[in-house]
């Protein structure tokens, strides 16, 4: 976990706003298709695979890009920069944020076909670093928690070193922003660790902020 100390006087709304804009700007913006003829918006529905929407690449993620039978053009570790671009041999800076891996494979194959006949590209997600939830207030280490796998509220608090002695354990809440606006979800730490109110120990979503008051 990477800690980012947040001053107690900063309003929660501002902190959440930073998490959605300053920290992960590229994923919230539209990306131009690599051939320059179309735009793919992150808010647009992703293609479905086995009934599940495919993940859209965001800034901070790390990809593995393989061009079939072209090791000099392949890259085992390609970070997606904050501007949403990746750097590829021969192509230079190329948009990646906002694409699904399958969409990026198709776009890169088209671009590389200008140089390599019948180019076939495979894109794999090595690290999903863009998906984060934030924990602020009376915890030992304020900051963010990566959501590469499902993380509950209790697990997120543990990753932050646990609560301080000043934490109001029964008044913790999760600030969640969705299409219908902001929601405030309660979390009673004392009850949950006793096996009660377990429905409050929810799986965190990207952009959630766990607030631990005094």
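The values are calculated or read from the model by the stated rules, or taken from the named source; none is laboratory data. Computed from a predicted model, the values in this text were never measured in an experiment. All Cβ positions, even for glycine, are placed from backbone atoms using ideal geometry, and neighbour counts span all protein chains on display.
Observations on the model:
- Output for segment 140-153, where each listed residue is in contact (Cβ under 8 Å) with a residue 12 or more places away in the chain and within 23 Å of residue 130 (Cβ to Cβ): 141, 142, 143, 144, 145, 146, 147, 148, 150, 151, 152, 153
- Residue 66 modelled with pLDDT of 85 or more and outside any loop (DSSP other than H, G, I, E, B): yes
- Spans of strands (runs of 3 or more DSSP E) in segment 155-214 with at least 2 residues at pLDDT 95 or above and surrounded by 18 or more Cβ atoms within 10 Å (Cβ to Cβ): 172-178, 209-212
Conditions tested, residue by residue: (1) part of a strand (DSSP E or B); (2) at pLDDT 95 or above; (3) within 18 Å of residue 71 (Cα to Cα); (4) in the same structural domain as residue 203 (by TED's automatic domain parsing).
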{"site": "87", "(1), (2), (3), (4)": "yes, yes, yes, no"}
{"site": "98", "(1), (2), (3), (4)": "no, no, no, no"}
{"site": "104", "(1), (2), (3), (4)": "no, yes, no, no"}
{"site": "107", "(1), (2), (3), (4)": "no, yes, no, no"}
{"site": "110", "(1), (2), (3), (4)": "no, yes, yes, no"}
{"site": "117", "(1), (2), (3), (4)": "no, no, yes, no"}
{"site": "122", "(1), (2), (3), (4)": "yes, yes, yes, no"}
{"site": "135", "(1), (2), (3), (4)": "yes, yes, no, yes"}
{"site": "144", "(1), (2), (3), (4)": "yes, no, no, yes"}
